[in-house]
1. Which condition number does ARG301 fail, the rest of (1) more than 26 Å from the chain's Cα centre (by Cα); (2) assigned to a strand (DSSP E or B); (3) under 20 Å from MET248 (Cα atoms) being met?
2. Any residue in the range 307-329 that's in the same structural domain as ASP17 (by TED's automatic domain parsing) and surrounded by 11 or more Cβ atoms within 10 Å (Cβ to Cβ): show its pairings with residues that are of a type in the set (Lys, Arg) and at pLDDT 95 or above at Cβ separation under 7 Å, as long as the two are six or more apart or on different chains.
3. If you scan the range 161-170, which residues turn out to be farther than 12 Å from ALA117 by Cα and touching a residue at least 24 places away in the same chain (Cβ under 8 Å)?
4. Taking strands (runs of 3 or more DSSP E) that do not extend beyond the range 104-203, which have at least 1 residues that are assigned by TED's automatic domain parsing to the domain that holds GLU77, surrounded by fewer than 23 Cβ atoms within 10 Å (Cβ to Cβ) and among the β-branched types (Val, Ile, Thr)?
5. So which residues in the range 235-268 are part of a strand (DSSP E or B) and assigned by TED's automatic domain parsing to the domain that holds LEU297, if there are any at all?
6. Looking only at the range 17-60, count how many residues are out of contact with any helix residue (DSSP H, G or I) (no Cβ under 7 Å at 6 or more places or on another chain), part of a helix (DSSP H, G or I), touching a residue at least 60 places away in the same chain (Cβ under 8 Å) and of a type in the set (Gly, Ala, Ser).
Amino acid sequence: MLQLLPAEPGMPVDEIDTPSLVVDLDAFEFNLDTMARLAAAAGVRVRPHAKTHKSPVVAHLQMARGAVGQCVQKIAEAEVLAWGGVTNILVSNEVVSPRKLARLAALTRICTVAVCADSSRGVALIETAAKDADVRITVLVEIDVGAGRCGVAPGWKAVALARQIVDSPHLNFGGLQAYHGAAQHQRTPEQRAASIAAAARLTARVVEDLKHLGIECSIVGGAGTGTFELEAASGVYNELQVGSYVFMDADYGRNKPALPFQNALFVRATVMSAPHAGLAVIDAGHKAVAVDSGLPLVWQRPGITYVGASDEHGNLALAADAVPLRIGEHVMLVPGHCDPTVDRYDWYVGVRNGRVERMWPVAGRGAMS
């Protein structure tokens with residue numbers, strides 16, 4: 001069931017229905033501008049990750065500020081963006097289902113699209129899909145630079161896979177996917193610097209090995225919100241696949257030093273019960289906010305802590321010196337993890353100066369295929 005519009009442009013913020021997904025437009029635009037400025041100064045391209053925002057509207061705002069395209073993790077996300085007018089998309093993930101690869105091949109007729117592979121079998125499946133559709137598909141070799149997830153081992157196996165792509169009659173070799181996801185959430189700068197230095201060394205070695213064979217990497221992609229400045233300064237990466245910077249969340253807020261972005265994404269909730277001193281219950285539980293990266297923070301309400309959730313309820317603990325919450329009062333929550341929280345909603349409510357300025361659909365919500 002499509003969720004009803006929680007607000008309308010022009011209405012006061014106090015009238016937004018809850019729970020709802022609210023974007024502070026000033027902070028959001030600050031984040032877009034900051035990333036564009038920092039990437040330009042470093043001389044690297046930005047290819048933001050749409051798994052965060054799931055919105056062609058946001059994608060176009062990023063590309064208007066110089067982003068070369070978008071990353072996605074799923075074919076369905078790529079389709080939403082392509083149908084929304086985004087012209088350059090990288091599926092930064094492995095796709096092996098023939099049915100999904102047929103959909104990917106179809107997208108090459110309306111936009112520039114690429115996909116990743118980390119096995120000979122994966123490359124062969126993409127080749128078959130491209131041949132059947134009579135198109136060419138660009139493929140990047142994903143290498144494991146420390147994340148311990150997908151990716152072929154750097155070295156001769158990665159080189160052999162690139163060679164297979166180069167020799168395939170319906171494929172183009174696009175470069176390397178070298179993302180170290182775990183490093184994004186390491187808390188100290190020393191930890192993050194060590195992880196990305198190691199990833200850059202591994203990646204550089206593969207780039208050099210390929211160059212000796214006359215194979216150029218037009219894309220060397222990776223990075224994320226937690227480490228983008230390190231990849232940008234490495235001299236190895238030329239594309240940054242940042243995602244969460246547009247909104248930020250409580251988990252990234254734990255990184256030290258603080259990242260140069262502002263909290264722009266909130267879940268707005270209503271106090272529905274205050275059964276006794278020290279406790280208030282809001283209408284935002286598991287179904288309203290993701291808790292996989294920790295519980296949300298209560299925004300700008302000192303002494304009030306989100307301490308537990310059930311499906312439709314969130315419990316707030318109030319310190320003795322906290323300003324009490326009244327039934328019907330609203331609070332703003334900073335999600336622990338922005339990506340899956342966004343996926344719970346059909347609409348963004350964009351606010352500025354105390355009023356609703358715009359509504360955007362979360363067009364890629366639930367795009368898992």
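The values are calculated or read from the model by the stated rules, or taken from the named source; none is laboratory data. Fair warning: this is a prediction, and the values are worked out from it, not measured in the lab. Don't worry about glycine lacking a Cβ; one is built from the backbone with ideal geometry, like all the others, and counts go over all protein chains shown.
1. For ARG301, the exception is condition (2).
2. GLU312/LYS287
3. Once the filter is applied, which keeps residues that are farther than 12 Å from ALA117 by Cα and touching a residue at least 24 places away in the same chain (Cβ under 8 Å), the range 161-170 yields ARG163, VAL166, SER168, PRO169, HIS170.
4. By residue number, 112-117, 137-142.
5. Just the residues of the range 235-268 that are part of a strand (DSSP E or B), to begin with: 239-240, 265-268.
Listed by number, the residues that qualify are LEU265, PHE266, VAL267, ARG268.
6. Final tally of qualifying residues: 1.
Each row is one residue, and each column tells you yes or no for (1) at pLDDT 95 or above; (2) touching a Lys or Arg at 6+ places or on another chain (Cβ under 9 Å).
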{"site": "HIS276", "(1), (2)": "no, no"}
{"site": "LEU279", "(1), (2)": "yes, no"}
{"site": "ALA288", "(1), (2)": "yes, yes"}
{"site": "LEU295", "(1), (2)": "yes, no"}
{"site": "GLY303", "(1), (2)": "yes, no"}
{"site": "SER310", "(1), (2)": "yes, no"}
{"site": "ASN315", "(1), (2)": "yes, no"}
{"site": "PRO324", "(1), (2)": "no, no"}
